[in-house]
1. Under 23 Å from Pro435 (Cβ atoms), open to solvent by 50 Å² or more (accessible area, probe 1.4 Å) and polar (S, T, N, Q) - does that describe any residue in the range 239-256?
2. Has the range 58-72 got any residue that is more than 29 Å from Asn399 (Cβ to Cβ) and either at pLDDT 75 or above or in contact with a helix residue (DSSP H, G or I) (Cβ under 6 Å, 6 or more places away or on another chain) (or both)?
3. Consider the range 200-215. How many of its residues are within 19 Å of Glu158 (Cα to Cα), open to solvent by 10 Å² or more (accessible area, probe 1.4 Å) and out of contact with any Ser or Thr (no Cβ under 8 Å at 6 or more places or on another chain)?
4. Considering only residues that are under 14 Å from Glu460 (Cα atoms) and β-branched (Val, Ile, Thr), look in the range 483-510 and name the one that is most open to solvent (accessible area, probe 1.4 Å).
5. Please determine, by comparing only the residues of the range 278-319 that are within 17 Å of Leu433 (Cβ to Cβ) and charged (D, E, K, R), which one is surrounded by the most Cβ atoms within 10 Å (Cβ to Cβ).
6. For the range 216-235, which residues satisfy the criterion of being crowded, with 19+ Cβ neighbours inside 10 Å and among the polar types (S, T, N, Q)?
7. From the set of residues in the range 390-405 that are touching an Asp or Glu at 6+ places or on another chain (Cβ under 8 Å) and among the small types (Gly, Ala, Ser), which is surrounded by the fewest Cβ atoms within 10 Å (Cβ to Cβ)?
8. Between residues in the range 331-344 that are without any contact (Cβ under 8 Å) to a residue 60 or more places away in the chain and open to solvent by 10 Å² or more (accessible area, probe 1.4 Å) and residues that are in a loop (DSSP other than H, G, I, E, B) and among the aliphatic types (A, V, I, L, M), which pairs lie under 6 Å by C-beta distance while being six or more apart or on different chains?
Amino acid sequence: MGAKQENGDPENILPPIEQELSHELDTKVKKYLRGEGANLEVLKDKKLKGQLSVREDLYGISAKAAAKAEKWLMPSKGGYLEAEGIEKTWRIKQDAINHEVDISSAKNQYDIVLPDFGPYTLDFTSSGRYMAAAGRKGHLAVVDMKNMSLIKEMQVRETVRDIVFLHNELFFAAAQKKYPYIYNRDGVELHCLKEHGAVTRLQFLKNHFLLVSINKFGQLRYQDVTMGEMISNFRTGLGRTDVMLANPLNGVVALGHSGGTVSMWKPTSAVPLVKMLCHPGPITAMAFHPNGNLMATSGKEKKIKIWDLRKFEVLQIIPGHAKTLDFSQKGLLAAGTGSYVQILGDFSGSRIYSRYMGHYIVKGYQIGKVAFRPYEDVLGIGHSMGWSSILIPGSGEPNFDTWLANPFETSKQRREKEIHSLLDKLPPETIMLDPSKIGTVKSAKKKDKPTKKEKEAEMEAVVEAAKGTAIRKKTKGKNKPSKIAVKKKKIVERAKRPFLEKQMEEENVAKKKQKISEEISLPTALQRFARKKATA
């Protein structure tokens with residue numbers, strides 16, 4: 001028998017291990033609760049009170065279920081480097097990390113030196129298992145990162161500016177000298193997209209199956225890879241750009257221009273949704289946070305800016321130059337320039353980034369691209385002499401959802417996933433700045449002001465209706481034709497009066513606006529020289 005506690009709390013009767021587990025579960029439940037519960041005591045309507053109480057109970061049950069699922073289905077916890085005393089995390093070298101990690105993690109530290117084909121650009125699949133590498137001088141390769149085995153490599157014998165995976169590792173697109181090409185995993189050329197022209201950057205929107213490209217003439221194109229249809233083709237009018245990235249939250253494509261502006265586009269609008277001046281000089285790099293609400297940009301004036309996209313305002317300005325930027329799944333920011341990569345982290349939760357780690361590659365190597373590998377604490381670096389991989393503790397998501405991205409998926413699972421993703425494909429119209437508006441009721445448009453012809457037609461209809469009104473017959477002598485005509489005239493005038501009064505009001509307002517604009521047209525210092533109108 002358990003001894004009774006003085007406070008009578010049943011939780012304290014539990015053994016210490018179970019108490020700790022229940023306390024841990026309670027903290028997780030709080031995370032999933034939908035704010036504070038409604039105060040139902042104030043309600044007088046019993047039916048509404050009962051419905052809301054049932055709803056609150058359901059919220060509590062769903063929060064407990066989510067907390068239990070997190071406890072058992074997400075067992076791994078992410079961790080970061082922790083310094084002791086006066087030690088600093090950015091002074092810890094990769095060699096020191098390599099001695100402390102397990103064998104499988106140590107394999108992720110390597111350098112591939114290919115001096116004849118660089119500089120290299122990289123891209124990972126959403127599961128992080130496969131990597132595509134493209135050398136500027138025509139070398140293309142697909143690598144299985146789990147087994148560290150080369151799946152396919154080829155030489156296209158012309159300039160390659162960018163590479164991107166499509167919906168899975170079976171297909172990838174490469175921006176070559178004249179046109180972008182689509183290849184399969186075996187290196188077979190499937191399509192030559194001549195309509196796109198000489199493309200500088202590529203992006204793939206996996207939820208919409210859209211391949212997005214920007215060419216050296218500043219033309220932005222969206223092409224549906226399922227049907228091959230060209231969805232849209234826009235001239236940005238802002239010149240050539242080498243900076244393009246898609247927001248993971250809403251699918252909006254952002255372009256960084258030489259004038260320091262960032263423009264955001266969607267396939268159903270020929271004008272940019274947003275055009276914001278971010279830097280006084282050219283934009284050199286750009287990155288989006290996985291939650292889609294933060295954007296990092298860097299300019300030639302050697303400043304990195306963190307932007308809040310909900311308010312379109314600067315949160316932080318970090319001194320330093322970056323030729324390439326990338327956010328990890330856990331929110332770490334990698335900035336590469338020259339032969340140095342700097343990792344910044346927001347550890348306080350206040351969206352203020354500070355130094356976390358740093359790494360120098362071989363002196364003389366020029367970094368062209370940094371990319372975090374999903375679900376792994378690994379950063380891929382493409383540089384002028386090949387590519388490298390380093391360990392960044394705490395950068396990757398420790399738990400993966402097999403329905404979303406499975407690094408260990410079989411060929412059967414891949415086929416099933418491809419079919420499901422095609423069935424769930426979103427139309428281009430769903431790309432917008434605020435995706436939460438999808439599914440809401442569209443607000444009614446304000447009625448436009450009626451034109452002069454519409455006003456006249458409405459007044460004529462009212463006059464005709466007034467003329468047709470029957471006049472009641474009265475006693476002898478009061479039904480003369482002249483008196484009836486006078487009465488009809490009065491009825492017509494009464495019907496016209498509201499229209500005439502409204503017209504006079506509009507004319508008075510227009511005169512006042514004209515008078516104010518005339519007064520404001522000249523500066524205060526010059527108004528005394530204005531020609532005065534003669535008074536009657």
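The values are calculated or read from the model by the stated rules, or taken from the named source; none is laboratory data. These numbers were taken from a predicted model, which means no experiment stands behind them. No Cβ is skipped: glycine too gets one built from the backbone with ideal geometry, and neighbour counts run over all protein chains shown. For accessibility, only protein heavy atoms count, side chains too; no ligands or nucleic acids. Shrake-Rupley method; radii C 1.70, N 1.55, O 1.52, S 1.80 Å.
1. no
2. no
3. Residues in the range 200-215 being within 19 Å of Glu158 (Cα to Cα), open to solvent by 10 Å² or more (accessible area, probe 1.4 Å) and out of contact with any Ser or Thr (no Cβ under 8 Å at 6 or more places or on another chain): 0 in total.
4. Ile491
5. Ranking the qualifying residues of the range 278-319, first place goes to Asp308.
6. Within the range 216-235, just Gln223 meets the criteria.
7. Step by step, filter the range 390-405, then rank; the result is Gly394.
8. Thr337/Ala322; Ser339/Ile361
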